[in-house]
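To start, the structure under review is shown below, and the notes come after it.
We did not get these values from a lab; they are worked out from the coordinates using the rules stated. What you see is a predicted model, and the numbers here were worked out from it, not measured in a lab. As a convention, Cβ positions derive from the backbone with ideal geometry for all residues, glycine included, and neighbour counts pool all protein chains shown.
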Amino acid sequence: MNAPKPLRWALADVVETNVETPRVRSIALDVPGWPGHLAGQHVDVRLTAEDGYQAQRSYSIASPPEANGRVTITVERLDDGEVSPYLTDELHQGDKLELRGPVGGYFVWRGELGGPVLLVAGGSGVVPLMAILRHRAATGDATPMRLLYSSRSAEDVIYRAELDRLGASPGVEIVHTLTRSQPPGWTGYARRIDRGLIAEVAWPPADRPLAYVCGPTRLVEAVAEGLVELGHEPERIRTERFGPTGG
Amino acid sequence: METDDLRVDGNAVAGLLDEVFGRELSAARARCDGCGAVAELGAHPVYAAPQAMGAVLRCRSCDSVMLVAVHGPGRYWLGLTGSTWLEIPDGSPLH
């Protein structure tokens, strides 16, 4: 993050794809000349049709900075989207993908920022937060982290197995809420994230947690406002909203 | 399409601002000329359609327009009347 470097489009190689949920796929890319990134940053992806029409979208990076030049994005299929259906359904190992990055310096976490760190995600908003959790694990960092993650159902939980493993490691807690349907015997939360739920899950304001909130606009606004109403400092809340424009 | 469908945030236009300034700006802070609130550009809501050539960044506190960026054929336009100032990190180790 020193001398400014111009963002350049690069042609990345798709080295692996991985089905996360019925609607979500992770795509691992080798990017020539990748300068490295911080946990929480994103890339811009550009598709060009044969007639020259271009569509561009931003996707959060899911892989930690330690992934050795490998950049993984996780994409949710939006049925009326222009870009995401291609990325989730058509793109295969060995294909090329045009991208540039890393982009963004606001919604990032580095070890020296400390914590405790409260992560709040709705749906695919978990992606940049996963990069943060993976970064913590990869560096052996001991910062306490707690993820509150809202999904529609157990099948819609992205990174489910890895989150289970991370949640079993010291200092990390993973709290799910399943808003539409719950598996038999579910004892966890089953409601939308609101102020009450945040109050139950978040550290008290006196602990001055650093909060990262990512998801659909309405969720992000509700969580950010809830945190402030509970007495958390606005300066310690970072938000990333996305809407249907993510398609 | 509702207005909310167009709403993303300052992080989503980071690439466009980077094209214009040649450096990362979502962590830069700006003061809203309307209400005086100071926040990182990445923290403010942005309104942009997928096919649009540009974006409108509004103050997260009072909703005033703070920055308009448009990429047209061969050039960029940047409107900053709603921002009193921009504070841009110079990349040196922080304070």
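Classify chain A as rounded, prolate or oblate, taking a ≥ b ≥ c as the square roots of the eigenvalues of its Cα gyration tensor: rounded when a/c is under 1.5, otherwise prolate if a/b is larger than b/c and oblate if not.
Cα axes put chain A in the prolate bin.
Label points 7 Å out from Cα along the Cβ direction at A:N18 and A:A138: separation in nm?
Computed distance between label sites A:N18 and A:A138 equals 1.2 nm.
With a sphere of radius 14 Å drawn around the Cβ of A:G196, what net charge do the other residues whose Cβ falls strictly inside it have (Lys, Arg +1; Asp, Glu -1)?
Charge balance near A:G196 sits at -1.
Springs between alpha-carbon atoms under 10 Å, Gaussian network over chain A: tell me which of A:A62, A:A202, A:A138 tops the mean-square fluctuations.
A:A138
Roughly how many Å is it from the Cα centre of the range A:210-232 to that of the range A:25-58, as a whole number?
When both Cα centres are located, 28 Å separates them.
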